[in-house]
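Notes follow the structure.
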Amino acid sequence: MPRLALDSPLGRLTLVEEEGALAALDWRDTSDDDEPTPLLLEARRQLDGYFAGTRAAFDLPLAPRGAAFERRVWQLMAEIPYGETRRYGELARALAAPARAVGKACGRNPLPILIPCHRVLAAGGALGGYSGGVGVDTKRRLLILERSLLV
């Protein structure tokens with residue numbers, strides 16, 4: 001699987017391509033990058049724009065692997081507009097599922113940022129958890145970048 005590491009304001013990220021679509025975005029450094037594919041280069045360009053504040057949406061083929069329920073949760077998260085947030089309970093009601101199951105699916109999101117699990121908050125607007133980067137601090141920084149959270 002082709003992969004490409006890139007520097008971001010949140011640390012080193014690695015993009016993984018599988019069968020012509022992005023399959024993962026990880027907070028881990030890979031020093032064994034492959035020759036970057038056009039898709040990986042475009043993903044890096046779009047992420048650079050996102051972090052620079054000039055891009056609010058991504059236009060990339062995504063192929064996250066997961067159970068059917070997880071993919072339904074990820075699809076709902078992908079529909080949350082830039083600068084907006086939703087609650088775990090809202091997604092749970094839309095899926096007729098327990099909020100805890102939605103939270104678990106959020107935590108298993110293999111494409112954070114691109115599938116914006118950082119835009120999902122706990123009851124009362126609490127940040128909840130975040131599995132990427134250094135956890136909740138990374139989530140807070142993404143929400144501040146999108147002006148969804150005031151410092």
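The values are calculated or read from the model by the stated rules, or taken from the named source; none is laboratory data. Keep in mind the model is a prediction, meaning the values are calculated, not measured. All Cβ positions, glycine included, derive from the backbone under ideal geometry; neighbour counts span all protein chains shown. Ligands, DNA and RNA are stripped out before the accessible areas are found, and what is left, the full protein with its side chains, is counted by its heavy atoms. Shrake-Rupley method; radii C 1.70, N 1.55, O 1.52, S 1.80 Å.
Evaluated against (1) open to solvent by less than 60 Å² (accessible area, probe 1.4 Å); (2) out of contact with any helix residue (DSSP H, G or I) (no Cβ under 9 Å at 6 or more places or on another chain); (3) among the aliphatic types (A, V, I, L, M), Leu76 falls short on exactly one condition, (2). Test Leu127 against the stated conditions and say whether it is in a loop (DSSP other than H, G, I, E, B), in contact with a Leu (Cβ under 9 Å, 6 or more places away or on another chain) and of a type outside the set (Gly, Ala, Ser). Taking the combined requirement at face value, the residue satisfies it. Restricting region 116-151 to residues that are closer than 17 Å to Ile80 by Cβ and of a type in the set (D, E, K, R), the residue that is surrounded by the fewest Cβ atoms within 10 Å (Cβ to Cβ) is Arg147.
Would region 44-66 turn up any residue that is open to solvent by 50 Å² or more (accessible area, probe 1.4 Å) and closer than 16 Å to Cys106 by Cβ? Taking every residue of region 44-66 in turn, at least one turns out to be open to solvent by 50 Å² or more (accessible area, probe 1.4 Å) and closer than 16 Å to Cys106 by Cβ. Looking only at region 8-31, residues that are of a type in the set (D, E, K, R), touching a residue at least 24 places away in the same chain (Cβ under 8 Å) and open to solvent by 50 Å² or more (accessible area, probe 1.4 Å) come to 2 in all. Scanning region 93-103 for residues that are at pLDDT 95 or above and part of a helix (DSSP H, G or I) returns Arg93, Ala94, Leu95, Ala101, Val102.
When residues in region 101-124 are screened for being over 14 Å from Gly66 (Cβ atoms) and without any contact (Cβ under 8 Å) to a residue 12 or more places away in the chain, 1 of them pass.
When you go through Gly132, Gly89, Gly128 one by one, which is the residue that is touching a Ser or Thr at 6+ places or on another chain (Cβ under 6 Å) and in contact (Cβ under 8 Å) with a residue 12 or more places away in the chain?
Gly132
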